[in-house]
1. Could you grab the pairs with beta carbons closer than 7 Å, sequence gap of 6+ or different chains, first residue in segment B:200-217 and away from chain A (no Cβ under 13 Å), second one among the aromatic types (Phe, Trp, Tyr)?
2. Among the listed residues B:Thr119, B:Thr51, which satisfies the condition of being touching a residue at least 12 places away in the same chain (Cβ under 8 Å) and in contact with a helix residue (DSSP H, G or I) (Cβ under 9 Å, 6 or more places away or on another chain)?
3. Give the residue, chosen from B:Ser87, B:Ser76, that is in a helix (DSSP H, G or I), closer than 20 Å to B:Ala154 by Cβ and in contact with a Gly (Cβ under 9 Å, 6 or more places away or on another chain).
4. Can you tell me which residue among B:Thr180, B:Thr119 is surrounded by 14 or more Cβ atoms within 10 Å (Cβ to Cβ), of a type in the set (Val, Ile, Thr) and under 28 Å from B:Ser50 (Cβ atoms)?
5. Going by the structure shown, is A:Ala21 without any contact (Cβ under 8 Å) to a residue 12 or more places away in the chain, of a type outside the set (Val, Ile, Thr), surrounded by 15 or more Cβ atoms within 10 Å (Cβ to Cβ) and in a helix (DSSP H, G or I)?
6. Scanning segment B:10-48 for residues that are surrounded by 12 or more Cβ atoms within 10 Å (Cβ to Cβ) and free of Cβ contacts under 8 Å to residues at least 24 places away in the same chain, which turns out farthest from the chain's Cα centre (by Cα)?
7. From B:Arg126, B:Arg200, grab the single residue that is over 30 Å from B:Glu225 (Cα atoms) and surrounded by fewer than 18 Cβ atoms within 10 Å (Cβ to Cβ).
8. Hey, A:Gln3 hits all of (1) in a helix (DSSP H, G or I); (2) under 30 Å from B:Ala105 (Cα atoms); (3) more than 7 Å from every other protein chain (Cβ to nearest Cβ) but one; which does it fall short on?
Amino acid sequence: MDQYAPYVIAAYAGTVVILGALIWQSIRAARRARHDLERLDRERGR
Amino acid sequence: MSIWRYANPAEFMRITQSVMVPLWVLSGALIAFGLGWALFFTPPDYQQGSTVKILFIHVPAAMLAINTYALMALASVIGLVRRHHVSFLVAKAAAPIGAAFTAVAIITGAVWGQPMWGTWWVWDARLTAVLIMFFFYLGYMALWAAIEEPDKAADLSAVLCLVGVVFAFLSRYAVRFWNTLHQDSSLSVEAGQRIDDAFRTPLYICMAAFYVLFIAILLLRARTEIRQRRAHSIRLQGVVA
């Protein structure tokens, strides 16, 4: 790459951080919602 | 067979369950292949140098930023007219994804603009419309979070989403209405080929990668919203009983 390499790397790194954070937060929320619902269903079934 | 059966939460959960893993695998493979090709195997542009590599992220992110808002608006209209909860929840699930892609588009655009335009930001019609659309994404999410009653939150957020449609439209077409610094679309059906094949093929792969990733995250978040909604209903039943 040429003299613009820092700009290219910054753009790719910023994208990885933003999309990585979105995916991580989505997976965490999905796990929490699934466990929460399973717990409620178990309690209701008692 | 009616498409409205997919608006049934149980049916939605059953159908989406089987596609989740293939979607994640496909999006991972396409991102690795597309961005790997863009970053390591595309030549520098004769004018832009290696900053052209930023456009393999910027263009798909900007397309998704606008199209996600259009999807939210469509889902909001369906929700308001047909009172399908899944429509509202799909719009709600799409908002953080659209906001993230809008942020990526703005940041990568600024990082490209500094060496090419000589500035990180200008109050150009398209850039300003995209920034306002980003604020509508944030406002939409804040409104959902601020109202405790889900049906009321869904209705008011849908109305707010529809108000913001004008900025999604301007984000797409501002370059045609006004003579702005931001260039017209790189890909155009009407204007024919505007970019060289060396860039066009990896760009298409990156676009496909971002779209598949978008669908994977959207379905994951929509499933989460449906589960949260069901948990909320169970808790309410417990309080009433």
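1. B:Pro202/B:Trp37; B:Pro202/B:Phe56; B:Leu203/B:Phe56; B:Ile205/B:Phe33; B:Ile205/B:Trp37
2. The conditions single out B:Thr51.
3. When all the criteria are applied, what remains is B:Ser87.
4. Result of the check over B:Thr180, B:Thr119: B:Thr180.
5. Working: without any contact (Cβ under 8 Å) to a residue 12 or more places away in the chain: yes; of a type outside the set (Val, Ile, Thr): yes; surrounded by 15 or more Cβ atoms within 10 Å (Cβ to Cβ): no; in a helix (DSSP H, G or I): yes.
Taking the combined requirement at face value, the residue does not satisfy it.
6. B:Pro44
7. Answer to the check: B:Arg200.
8. Here A:Gln3 meets the rest and fails (1).
Just so you know, all these numbers are worked out from the coordinates, no wet-lab data involved. What you see is a predicted model, and the numbers here were worked out from it, not measured in a lab. Neighbour counts run over all protein chains shown; Cβ positions are idealised from the backbone, glycine included.
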